[in-house]
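The values are calculated or read from the model by the stated rules, or taken from the named source; none is laboratory data. A quick note: this is a predicted structure, and the numbers were derived from the prediction, not measured. Positions of Cβ are generated from backbone atoms using ideal geometry, with glycine treated the same way; all protein chains shown enter the neighbour counts. Heavy atoms of the whole protein, side chains included, go into the accessibility calculation; ligands, DNA and RNA do not. Shrake-Rupley method; radii C 1.70, N 1.55, O 1.52, S 1.80 Å.
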Amino acid sequence: MITGKNYIGNQLSAAGNTTYTTYNPKLNIENEHTFFEASEEEIEKAVCLASEAFKTFKKISGAKKAAFLNTIADEILALDHLLIQTYISETGLPEGRAKGERGRTIGQLRTFADLVAKGSWVEATIDTADLDRTPIPKQDIRKMLVPLGPVVVFGASNFPLAYATAGGDTAAAFAAGCPVIIKSHPMHAGTGELVASAINKAAQKTGMPNGVFSNLNSAGIEVGVQLVKHPKIKAVGFTGSIRGGRALFDLASQRPEPIPVFAEMGSINPVILLPEAAKNKGETIAKTYAASITLGSGQFCTNPGLIIGIKGEALDHFISVLSNEIVKIEPSCMLHPNIIGNYERNKTNALQQSGVNITAEYDGDVPVNHARQTITKVEGKTFFKNTNLHQEVFGPFSMVVQCENVREMESIVSNLEGQLTGTVIAENEEVSEYNAVIEAIQNRVGRIIFNGVPTGVEVCPAMQHGGPYPASTDSRFTAVGIHAIKRWVRPFSYQSWPDNLLPEELRNENPLGISRLVNGVQTKEPI
């Protein structure tokens, strides 16, 4: 049941005066439920509850946290048809996408449950004492990862489940031992409230402290600003625009006690199309990329917005096939009138730049809030000089840059902003001829793909979803996979502490049976 209220800990509350509704972009109408924006008093109570809950939650065993995470997954599944239909009504996305994203969300929760149940993620490191060492005795020092404290997670517009209320950021923070306050995305507040109800049911069933989770509604930026500024908040997770992520980063850094903001922001995900590959399989690649560019109406952070090749018949043919294929695909609905409005404005800005030529644009009739996919091309020297062309157009849009030679290609790639992904389309034997280009793109991205598409982010330990700024605010961390837990922890050392007073992870007998680095040797054996 959707109430439109905020979850302040495990209690529903609607003390604020500002209300708003979500929107069905497919039907082009407002949805029925009214949502109450969190008041200052509700924000303060949620933060204080989270701070108090942290005192207990940080000490909860991995087994109990695992039960909590698995129960969240169970409760989300129990929402069944209501959750799926609410998701569809607030996004315009199809049922298959809704169920697929729910599956990914469930998978993330269970993966983190498995991680904390096993326990070795804390990276326990022990250097035992050698008091006879000369000239200075060696003290007993033991280190492990510990949670930061209450964190704020901002729900994403384009993934209402997997990057939102119980998404990857929240799952990783819970696994680390951090209470979470969600700033729900206003475009899918109903979906967010339903998932919030599942989290609170799970918290109560598994005995988690009240305040381990809160869900706050907000139509604008005010609630988020107050949360980031609050001295009891210790970290922030964000998925969205460069403008929004940078604003949060600046707010957090200006606090008397600065805190980390782990923001995943814009990316045009450059694709390097090398000549032999363009010649031998350009037609196949073009068809594949027509599908990738339009997937989900281009509303993926890994959408291939830039294709860089070297002038010649092969590149010309690739552009021709890509242009022909992309207009055969039926346009799909974007998430919200504001989203398609931004798409049209950003696309128009790109098209108005000198030297940009449209090679394909869907010209048939489209339903309201459906985006027309567009392919453009530009000369390499023009692209290099005009940084307006380097900016993301969020939607089904891609630009082909035609380079004069490999030197121009390398120069262009080297001067791109940081990106989430880069892709190399090549024949194996020609890779060595373009080492400088490939090294240049490696320096600008967090993940490099060979002969594939960037869309589709596998949730696995080896995945790196982040990259040099502005793809993310800290390229050392990932937003996807089990290593995302490292964003919400800090290393902490105990020196010369009695064994019985140490956390179980660091005690001599290793009661949890975890893998530890003891005097330079990885082992599960007791000391």
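Taking the stretch 172-306 on its own, what percent of its Cα-Cα pair distances exceed 27 Å?
Numbers: 3675 of 9045 pairs.
Result: 41 percent of Cα pairs exceed 27 Å.
Name the lysines eligible as straight-distance cross-link partners of residue 385: C-alpha to C-alpha under 17 Å, and not fewer than 8 places from it in the same chain.
Those lysines meeting the cut-off are 377.
Just tell me which aspartates and glutamates come within less than 17 Å, Cα to Cα, of residue 328; anything on the same chain fewer than 8 places away is out.
In chain and number order, the partners are 283, 361, 363, 365.
Where Rh denotes the Kirkwood radius from the mean inverse Cα pair distance, what is Rg over Rh for the stretch 334-477?
Numbers: Rg = 16.6 Å, Rh = 16.9 Å.
When Rh is taken as the Kirkwood radius, the ratio is 0.98.
Pairs 311/347; 281/347; 5/201: which are spaced more than 21 Å apart, C-alpha to C-alpha?
Values: 311/347 24 Å; 281/347 29 Å; 5/201 16 Å.
In this structure, 311/347; 281/347 exceed 21 Å between Cα atoms.
Along its three principal axes, how long is the stretch 145-221 when you only count alpha carbons? Whole Å, largest extent first please.
Projected onto its principal axes, the Cα set of the stretch 145-221 covers 33, 26, 20 Å.
Using a 1.4 Å probe on the protein chains only, how many percent of the accessible area of the stretch 62-169 belongs to carbon and sulfur? Kindly include the intermediate steps, with their values, before the conclusion.
Numbers: 2240 of 3990 Å².
Carbon and sulfur: 56 percent of the exposed surface of the stretch 62-169.
With a point put 7 Å past each Cα toward its Cβ, work out how far residue 524 is from residue 99 in nm, to one decimal.
Placing both labels 7 Å beyond Cα along the Cβ direction yields 3.8 nm.
Roughly how many nanometres apart are two label points built 7 Å out from the Cα toward the Cβ at residue 134 and residue 502?
2.8 nm
Starting from the Cα of residue 59, draw a straight line to each of the aspartates and glutamates and keep only those under 16 Å, dropping any in the same chain fewer than 8 residues away.
By straight Cα distance, residue 59 reaches 504, 505.
D for the stretch 238-282, whole µm²/s, Stokes-Einstein with Kirkwood Rh over alpha-carbon pairs at 37 °C and 0.692 mPa s: what number? Numbers along the way, then the final one.
Values: Rh = 13.2 Å.
The calculation lands on 249 µm²/s.
Short version: ³J(HN,Hα) in whole Hz for each residue of the stretch 260-267, in order, from phi by Karplus 6.51 cos²θ - 1.76 cosθ + 1.60 (θ = phi - 60°), x for Gly and Pro, what are they?
Along the stretch 260-267, the couplings run x, 10, 9, 10, 9, 10, x, 6 Hz.
Based on the Kirkwood radius over alpha-carbon pairs, what value in µm²/s does the Stokes-Einstein equation return for the translational diffusion coefficient of the stretch 392-527 at 37 °C and 0.692 mPa s? Numbers along the way, then the final one.
Values: Rh = 18.8 Å.
Answer from the Stokes-Einstein relation: 175 µm²/s.
Quick check: net charge around residue 18, other residues with Cβ under 15 Å of its Cβ, Lys/Arg +1 and Asp/Glu -1?
Details: positive: 5, 183; negative: 37, 40, 41, 42, 222.
Counting the neighbours of residue 18, the net charge comes to -3.
Looking at the stretch 115-215, which trypsin sites (Lys or Arg not before Pro) are DSSP coil and have at most 10 other C-beta atoms within 10 Å of their C-beta? The partial results should precede the final answer.
Working: sites: 118, 133, 138, 142, 143, 183, 201, 205; in loops: 133.
Hits after loop and neighbour filter: 133.
Using a 1.4 Å probe, what is the accessible area per residue for the stretch 1-63, in Å²? Intermediate values should be presented prior to the final figure.
Details: 3440 Å² over 63 residues.
With all protein chains present, the stretch 1-63 gives 55 Å² per residue.
Summing Lys, Arg as +1 and Asp, Glu as -1, what charge do residues with Cβ under 9 Å from the Cβ of residue 143 carry, residue 143 excluded? All intermediate terms of the calculation are to be shown ahead of the outcome.
Details: positive: 142; negative: 123, 127.
Taking every other residue near residue 143 into account, the sum is -1.
Could you give each residue of the stretch 306-312 its phi-based ³J(HN,Hα) in whole Hz, using Karplus coefficients 6.51, -1.76, 1.60 with θ = phi - 60°, and x for Gly or Pro?
Working through the residues one at a time gives 9, 10, 10, x, 9, 3, x Hz.
Report, in debye and to the nearest 20, how large the dipole of the stretch 31-70 comes out about its Cα centre when Lys and Arg carry +1 and Asp and Glu carry -1 on their Cβ.
Details: 6 positive and 7 negative charges, 142 e Å.
Computed charge dipole of the stretch 31-70: roughly 680 debye.
Could you list, in their original order, any pairs among 45/118; 64/229; 64/486; 45/183 whose Cα atoms are separated by more than 26 Å?
Working: 45/118 34 Å; 64/229 31 Å; 64/486 20 Å; 45/183 14 Å.
Violating the 26 Å Cα-Cα cut-off are 45/118; 64/229.
Under the Karplus relation 6.51 cos²θ - 1.76 cosθ + 1.60, θ = phi - 60°, what is the ordered set of whole-Hz ³J(HN,Hα) values for the stretch 322-335, x standing for Gly and Pro?
Computed from phi, the couplings for the stretch 322-335 are 4, 5, 5, 6, 5, 7, 7, 8, 5, x, 10, 6, 8, 5 Hz.
For the stretch 73-164, how big is the tail of P(r) above 19 Å, as a whole percent of Cα pairs?
Details: 2559 of 4186 pairs.
Summing the P(r) tail past 19 Å for the stretch 73-164 gives 61 percent.
May I ask for the net charge around residue 73, where only other residues with Cβ less than 14 Å from the Cβ of residue 73 are counted and Lys, Arg are +1 while Asp, Glu are -1?
+1
Could you compute Rg(Cα) / (2.2 N^0.38 Å) for the stretch 20-178, with N its residue count? Spell out each step's value before the answer.
Values: Rg = 21.3 Å, N = 159, 2.2 N^0.38 = 15.1 Å.
My calculation over the Cα atoms of the stretch 20-178 gives 1.41.
Return the Rg/Rh ratio of the chain with Cα-based radii and a Kirkwood Rh. Write out the running numbers ahead of the final one.
Numbers: Rg = 24.8 Å, Rh = 24.5 Å.
For the chain, the value is 1.01.
Rounded to the nearest 10 Å², what accessible area does residue 509 show when all protein chains are kept and the probe is 1.4 Å?
90 Å²
Evaluate the distance, in nm, between pseudo-label points positioned 7 Å from the Cα of residue 316 and of residue 415 along their respective Cα→Cβ axes.
Label-label distance for residue 316 and residue 415, simple model: 2.7 nm.
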